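> Got a structure for you, questions after.
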Amino acid sequence: MHKPRIYQHIFNEIQNDIKAGIYEIGSKLPPERDLALQLGVSRTSVREAMIALEVNGIVEVKLGSGVYVIDDHQDAANPQTGFNTTVHPLLLPYLQEDAVITPFEILEARLLIEPHLAELAAKNRTEEQLESIKEAFLMNVRDNLEHSTEHIGDRLFHIRIAESSQNDAFAFFLSFLLSKHYTEFFSRLRSLYTPEDMPLRSQLEHQEIMTAIQNQDAQSAHDAMKKHLQNVIHIFEDS
């Protein structure tokens, strides 16, 4: 049996406060920073709890305004964070649905392993694998030009770098982590806190990573991937 995550404790505590009438329907919850101080937890855990509450129909997150209670009778001790059903067929083979992993846990794990994968890809990639990375990058560019919300090229870019590491275990693990980007939990975080220029910024960072892999510059590939993921985390934490 899995031990409840911090965000689940926050979810349950706020839900109980709503049921008890401390926060009434239509009322605004305290700001994230205040709740984090009050509960003795991180702001990212509070943000995850707010998104879980919204996914379960208990609150509504309004950017620039706050979080508002919209239902006080939900019974969701185990927050629902299941798959968004609109997943592109190219990505279906990579998707798995079982344990709930929170968005910031996913990003933290990716930050730990993906710089090393980029380094290995620069050392070990074949010409065929380099072409597959370039194809994914061009798909990423097309996605951005078409204002796609599916981010197919972005996901495939990272997957194909992992495959180019020549370590199937790493590639499998990354595919599993990326599958969690298609839960409603992660999708809502992205839709709320992604600035308009983020896809283009990521595209430029992807190009830097790809160039390092093409040049077989392992250290530059490692550093470029690390910088890219740190930027993503920074955006989602501080937006």
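The values are calculated or read from the model by the stated rules, or taken from the named source; none is laboratory data. What you are looking at is a predicted structure, and each value in this text was computed from that prediction instead of being measured. Ideal geometry is used to build each Cβ from the backbone, glycine not excepted, and the neighbour counts take in all protein chains shown.
> Answer yes or no: is there a residue in region 164-182 that is under 16 Å from HIS88 (Cα atoms) and in contact with a strand residue (DSSP E or B) (Cβ under 6 Å, 6 or more places away or on another chain).
There is at least one residue in region 164-182 that is under 16 Å from HIS88 (Cα atoms) and in contact with a strand residue (DSSP E or B) (Cβ under 6 Å, 6 or more places away or on another chain).
> Anything in region 8-40 that is within 16 Å of SER65 (Cβ to Cβ), surrounded by fewer than 16 Cβ atoms within 10 Å (Cβ to Cβ) and either acidic (Asp, Glu) or not assigned by TED's automatic domain parsing to the domain that holds GLU60 (or both)? List them, or say none.
ASP34
> A follow-up question, please. Tell me whether region 206-219 contains one or more residues that are polar (S, T, N, Q), under 30 Å from GLY66 (Cβ atoms) and modelled with pLDDT of 95 or more.
no
> Now for a different question. Specify which of the listed residues (GLY40, GLY21) is closer than 24 Å to HIS234 by Cβ and out of contact with any His (no Cβ under 9 Å at 6 or more places or on another chain).
That would be GLY40, the only listed residue that is closer than 24 Å to HIS234 by Cβ and out of contact with any His (no Cβ under 9 Å at 6 or more places or on another chain).
> Restricting attention to region 132-141, does a residue exist that is in the same structural domain as LEU204 (by TED's automatic domain parsing) and under 18 Å from the mean Cα position of the chain (by Cα)?
yes
> Suppose we filter PHE170, PHE157 for residues that are hydrophobic (A, V, I, L, M, F, W, C), in a helix (DSSP H, G or I), buried (at least 21 other Cβ atoms within 10 Å of the Cβ) and not assigned by TED's automatic domain parsing to the domain that holds GLY64; which single one remains?
PHE157
> Next question. Determine, yes or no, whether GLU127 is at pLDDT 95 or above, buried (at least 21 other Cβ atoms within 10 Å of the Cβ), within 15 Å of ALA212 (Cα to Cα) and more than 17 Å from the chain's Cα centre (by Cα).
no
> Just the residues that are charged (D, E, K, R) and in a loop (DSSP other than H, G, I, E, B), please, taken from region 116-154.
Passing the criteria: ARG125, GLU146, GLU150.
> Let me ask something additional. Look at region 69-122 and say how many of its residues are modelled with pLDDT under 70 and small (Gly, Ala, Ser).
4
> Return the total of residues in region 188-218 being within 12 Å of ALA122 (Cα to Cα), touching a helix residue (DSSP H, G or I) at 6+ places or on another chain (Cβ under 7 Å), assigned to a helix (DSSP H, G or I) and among the polar types (S, T, N, Q).
1
> Exactly one of these conditions fails for LEU177: (1) in a helix (DSSP H, G or I); (2) touching a Ser or Thr at 6+ places or on another chain (Cβ under 8 Å); (3) under 30 Å from PRO31 (Cα atoms). Give me its number.
Condition (2) is where LEU177 drops out.
> Among GLU163, GLU196, GLU184, GLU205, which is the only one that is of a type in the set (D, E, K, R) and surrounded by fewer than 16 Cβ atoms within 10 Å (Cβ to Cβ)?
Only one candidate qualifies: GLU196.
> So if I check each of ALA218, ALA171, which one is within 18 Å of HIS116 (Cβ to Cβ), small (Gly, Ala, Ser) and within 20 Å of the chain's Cα centre (by Cα)?
One residue alone meets the criteria, ALA171.
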